[in-house]
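A.B. asks: Got a structure here, written out as structure tokens. Questions coming.
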Amino acid sequence: MRTNQYMGLLPYMAVFVKVVEAGSFSAAAEQLGTTAASVSRQVASLEQALSVKLLIRTTRRLKLSAAGSDAYARCCEMVESARSVLELAERVNDTPQGMVRLSAPRAFGKELIAPHIEEFLHRYPEVDIQLKLTDRPADLIGDDLDLMVRITDTPPAGLAARPLIRVSHILCATAAYLEKRGCPQHPNDLAQHSCLYLGEVAGDNCWRFSHLHTQEQVNVTVRGRYVTNHSKARLEGVLSHLGIGCLPWFVARDALAAQQIVEVLPQWDYQTSYYGMSWILYHPNRFLPPKCRVLIDFLAEKIAGNEVNRRACRF
């Protein structure tokens, strides 16, 4: 294929990547600001030029063919290279500037990141922030992100990662509730209590514990009259004496410090999927844009460098 031929296919390759990431022509078109028909024609033109079928279309979804999988991997490399060129242009001026798109889990982002955004914007007047709060797994390329926070003890391979703080959960209740219903001495006692849990997926009411000293493992199925997937709502339910709630420590810490609630079963480690070390993840690019570098350093200063945060960690 001559140079002028494949140069003309580069935009089609980028559109093909977006279709795969978005999962449909219509979703890709919405993200690209065009029509589904236009997106479909560009992918069809790429298939015709390559003489291979890239996507298998069904009535319900799109699926990559074997050749499409190989082509997608190589087209992703092209898109990432284009991103690097744009980042290189940004670094001509060492002054941090431009939009930083950051994703974080909802409770973590609201409690530990959002309160510091005003200070960051004052410190760096030419940098803008788009903070996306979501508990679904994010993808730097697919979601068009510069940075993302993930809570895991094993950060994904292929990405640069900077640790922040270890996230743990605690069980809490008011003194009034415990005086009325009694204070659990063992996780198995929770089966006799009203418990506030997420209820987002099946099994959220199965609480897992590990003893901090003996490493005894216990699973308990709990019940309660109030179920909510919002951590602040669970805290408000606990403060209303509705029962024993599971909370990220950074959500419960102020109420604990004010002695509005007390920790239940402090010798037991309550384990959830929202548990482990928190990391800022970003592309392993040696030409990291100044706008990203200063935000990474700022969040490390405010979160990892905060003495209150460090004291709240169990480990």
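We did not get these values from a lab; they are worked out from the coordinates using the rules stated. As the structure is a prediction and not an experimental result, all values here were calculated from the model. In this analysis, Cβ positions are derived from the backbone assuming ideal geometry, glycine residues included, and neighbour counts consider all displayed protein chains.
A.B. asks: Please compute the length gained on full extension between Gln97 and Arg123, using 0.36 nm multiplied by the number of residues separating them and subtracting their Cα-Cα distance.
C.D. replies: My answer for the length gained is 8.2 nm.
A.B. asks: For Lys132, which sequence-distant residues (separation of 5 or more, or a different chain) have an amide H within less than 5 Å of its own amide H, given hydrogens modelled in the peptide plane?
C.D. replies: Excluding prolines and chain starts, which carry no amide H, the hits are Leu102, Ser103, Ala104.
A.B. asks: Turning to a different aspect of this structure: Modelled label-to-label distance, Ala176 and Arg41, 7 Å Cα→beta-carbon offset: nm?
C.D. replies: Each label point is offset 7 Å from its Cα along the Cβ direction, giving 6.7 nm.
A.B. asks: A follow-up question, please. Could you tell me which label, among [x] 0.98; [y] 0.96; [z] 1.07, carries the value of Rg/Rh (Cα atoms, Kirkwood Rh) calculated for this structure?
C.D. replies: It is the value labelled [z].
A.B. asks: Could you tell me the relative contact order of segment 229-272? Use alpha-carbon pairs under 8 Å, at least six residues apart, and round to a whole percent.
C.D. replies: 30 percent
A.B. asks: Taking the Cα centre of the chain as the origin, how large is its charge dipole in debye, to the nearest 20, when only Lys and Arg (+1) and Asp and Glu (-1) carry charge on their Cβ atoms?
C.D. replies: 660 debye
A.B. asks: Label points 7 Å out from Cα along the Cβ direction at Ser84 and Cys206: separation in nm?
C.D. replies: Placing both labels 7 Å along Cα→Cβ, they lie 4.5 nm apart.
A.B. asks: Can you tell me the FRET efficiency between Gln260 and Leu133 if r is taken as the Cβ-Cβ distance and R0 is 25 Å, rounded to the nearest 0.05?
C.D. replies: 0.50
A.B. asks: Would you mind counting up the charge near His116? Only other residues with Cβ under 14 Å from its Cβ, with Lys and Arg at +1 and Asp and Glu at -1.
C.D. replies: Taking every Cβ under 14 Å from that of His116, the sum is -2.
A.B. asks: Something else about it: Which length gain, in nm to one decimal place, applies between Ser24 and His186 when the Cα-Cα distance is subtracted from 0.36 nm times their residue separation?
C.D. replies: 53.3 nm
A.B. asks: Could you tally the net charge around Cys183, taking each other residue with its Cβ under 14 Å from the Cβ of Cys183, Lys/Arg +1 and Asp/Glu -1?
C.D. replies: Here the count lands on -1.
A.B. asks: Starting from one equal scatterer on each C-alpha and no solvent at all, send me the Debye-based log10 I(q)/I(0) for segment 84-172 at q = 0.11, 0.20, 0.24, 0.25 Å⁻¹, two decimals.
C.D. replies: Each listed q corresponds, in turn, to -0.38, -1.15, -1.40, -1.43.
A.B. asks: While we're looking at this one, here's another question. In whole Hz and in residue order, list the ³J(HN,Hα) couplings for segment 209-218 that follow from phi through the Karplus curve 6.51 cos²θ - 1.76 cosθ + 1.60, θ = phi - 60°; x for Gly and Pro.
C.D. replies: 10, 9, 5, 5, 10, 8, 6, 4, 9, 9
A.B. asks: Could you go through segment 10-24 in sequence order and give the Karplus-derived ³J(HN,Hα) for each residue, using 6.51 cos²θ - 1.76 cosθ + 1.60 with θ = phi - 60°, rounded to whole Hz, and x for Gly and Pro?
C.D. replies: 4, x, 5, 5, 5, 5, 4, 4, 5, 5, 4, 5, 7, x, 6
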